[in-house]
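Chemist: I'd like to ask you about the structure that follows.
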Amino acid sequence: MNFSSIPNALSILRIILTVPVVISLLNQQYFLTIVIFFIAGITDALDGWIAKRFSCQTRLGSILDPSADKLLLMASFVALYMIGLMPIWLLVLIFVRDVMIIAGTVGYFIGSNASEDDLLTPSKLSKINTGLQISLVLYLIGSQIYIAPNQFTIIFFIVVATTTVLSGIDYIWIWVEKVLSQGARK
């Protein structure tokens, strides 16, 4: 394995770590879940840093990295719902947004003149949303170790729901702009 493939290997490791995160969550082993989730977070930070620092960004990496993030987060949210820590309405909202983003991205690359060299990059609002979603997972798990006030949990759900909707709208806006700019070039 050459150095340039390390970021993709780290993304694949994060995908693999999804399984023990879910198993430990379903078994309500919260401390173990936080440790594994933290390790997955380190792989996320490292893959991006290495890819940018050493100029080994690839199209595959631009697909693997966000896919690994989405898989880890969605699997965690489903497990949190199954053990009664996440409301169904928020799970559905996050799921619908992610499906919309995946469909929009696939549709854009299939229906446009996007080249193979185009990298998928998340919007700033999406990065904020992902950060808040990760924080929510950690908060919900941590609240089982250290009891947290209920009113803060509801506020956290509302904040994540809001950024989820806004980042979904942001992606729609980005795609509309891309389509319109391609139409103007023709």
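Chemist: I'd like to know if the range 15-27 contains one or more residues that are without any contact (Cβ under 8 Å) to a residue 60 or more places away in the chain and hydroxyl-bearing (Ser, Thr, Tyr).
Modeler: Yes: the range 15-27 contains one or more residues that are without any contact (Cβ under 8 Å) to a residue 60 or more places away in the chain and hydroxyl-bearing (Ser, Thr, Tyr).
Chemist: Can I ask one more? From the list ILE42, ILE34, which one is assigned to a helix (DSSP H, G or I), touching a residue at least 60 places away in the same chain (Cβ under 8 Å) and under 19 Å from the mean Cα position of the chain (by Cα)?
Modeler: ILE34
Chemist: Which one is nearest to ASP98 (Cα to Cα) among residues in the range 140-184 that are small (Gly, Ala, Ser) and surrounded by 14 or more Cβ atoms within 10 Å (Cβ to Cβ)?
Modeler: Ranking the qualifying residues of the range 140-184, first place goes to GLY168.
Chemist: Quick one: in the range 50-68, which of the residues that are under 20 Å from ILE94 (Cβ atoms) and touching a helix residue (DSSP H, G or I) at 6+ places or on another chain (Cβ under 6 Å) is modelled with the highest pLDDT?
Modeler: For the range 50-68, the residue satisfying everything is ALA68.
Chemist: Out of (1) buried (at least 21 other Cβ atoms within 10 Å of the Cβ); (2) within 16 Å of the chain's Cα centre (by Cα), what's the single condition that is false for LEU25?
Modeler: Going through the list (1) buried (at least 21 other Cβ atoms within 10 Å of the Cβ); (2) within 16 Å of the chain's Cα centre (by Cα), LEU25 breaks only (2).
Chemist: For the range 149-182, which residues satisfy the criterion of being aliphatic (A, V, I, L, M), touching a residue at least 12 places away in the same chain (Cβ under 8 Å) and either in contact with a His (Cβ under 6 Å, 6 or more places away or on another chain) or more than 14 Å from LEU132 (Cβ to Cβ) (or both)? Give the derivation first.
Modeler: First pass over the range 149-182, keeping only residues aliphatic (A, V, I, L, M): 154-155, 158-161, 165-166, 169, 172, 174, 176, 179-180.
Those left that are additionally touching a residue at least 12 places away in the same chain (Cβ under 8 Å): 159-161, 165-166, 172, 174, 179.
Residues satisfying the conditions are ILE172, ILE174, VAL179.
Chemist: While we're on this one: Against the condition farther than 27 Å from ASN150 by Cα, hydroxyl-bearing (Ser, Thr, Tyr) and crowded, with 20+ Cβ neighbours inside 10 Å, how does SER11 come out, does it pass?
Modeler: For SER11, the condition - farther than 27 Å from ASN150 by Cα, hydroxyl-bearing (Ser, Thr, Tyr) and crowded, with 20+ Cβ neighbours inside 10 Å - is met.
Chemist: Surrounded by 15 or more Cβ atoms within 10 Å (Cβ to Cβ), farther than 20 Å from VAL96 by Cα and small (Gly, Ala, Ser): is that true of ALA51 in this structure?
Modeler: yes
Chemist: Which residue pairs have Cβ atoms closer than 7 Å, lie 6 or more positions apart in sequence or on different chains, and pair a first residue in the range 69-98 that is on the phi > 0 side of the Ramachandran plot with a second residue that is surrounded by fewer than 20 Cβ atoms within 10 Å (Cβ to Cβ) and hydrophobic (A, V, I, L, M, F, W, C)?
Modeler: Final answer for the pair search is none.
Yes or no, residue by residue, for (1) surrounded by 15 or more Cβ atoms within 10 Å (Cβ to Cβ); (2) outside any helix (DSSP H, G or I):
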position: ILE63; (1), (2): yes, no
position: SER67; (1), (2): yes, no
position: LEU72; (1), (2): yes, no
position: PHE77; (1), (2): yes, no
position: TYR81; (1), (2): yes, no
position: GLY84; (1), (2): no, yes
position: TRP89; (1), (2): no, no
position: VAL92; (1), (2): no, no
position: ARG97; (1), (2): yes, no
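Chemist: In the range 39-55, how many are under 12 Å from ASP65 (Cβ atoms) and either touching a Phe, Trp or Tyr at 6+ places or on another chain (Cβ under 7 Å) or charged (D, E, K, R) (or both)?
Modeler: Going through the range 39-55 one residue at a time, the tally reaches 3.
Chemist: Please tell me if ILE94 is out of contact with any Pro (no Cβ under 6 Å at 6 or more places or on another chain) and modelled with pLDDT of 90 or more.
Modeler: Against the criterion (out of contact with any Pro (no Cβ under 6 Å at 6 or more places or on another chain) and modelled with pLDDT of 90 or more), ILE94 qualifies.
Chemist: Being assigned to a helix (DSSP H, G or I) and not small (Gly, Ala, Ser) is the filter; apply it to the range 22-31 and report the residue that is nearest to PRO66 (Cα to Cα).
Modeler: Among those residues, the one meeting the criterion is VAL22.
The values are calculated or read from the model by the stated rules, or taken from the named source; none is laboratory data. Predicted model, so just to flag it, every value in this text is computed and none were measured. Please note: Cβ atoms are built from the backbone with ideal geometry, for glycine as well, and neighbour counts cover all protein chains shown.
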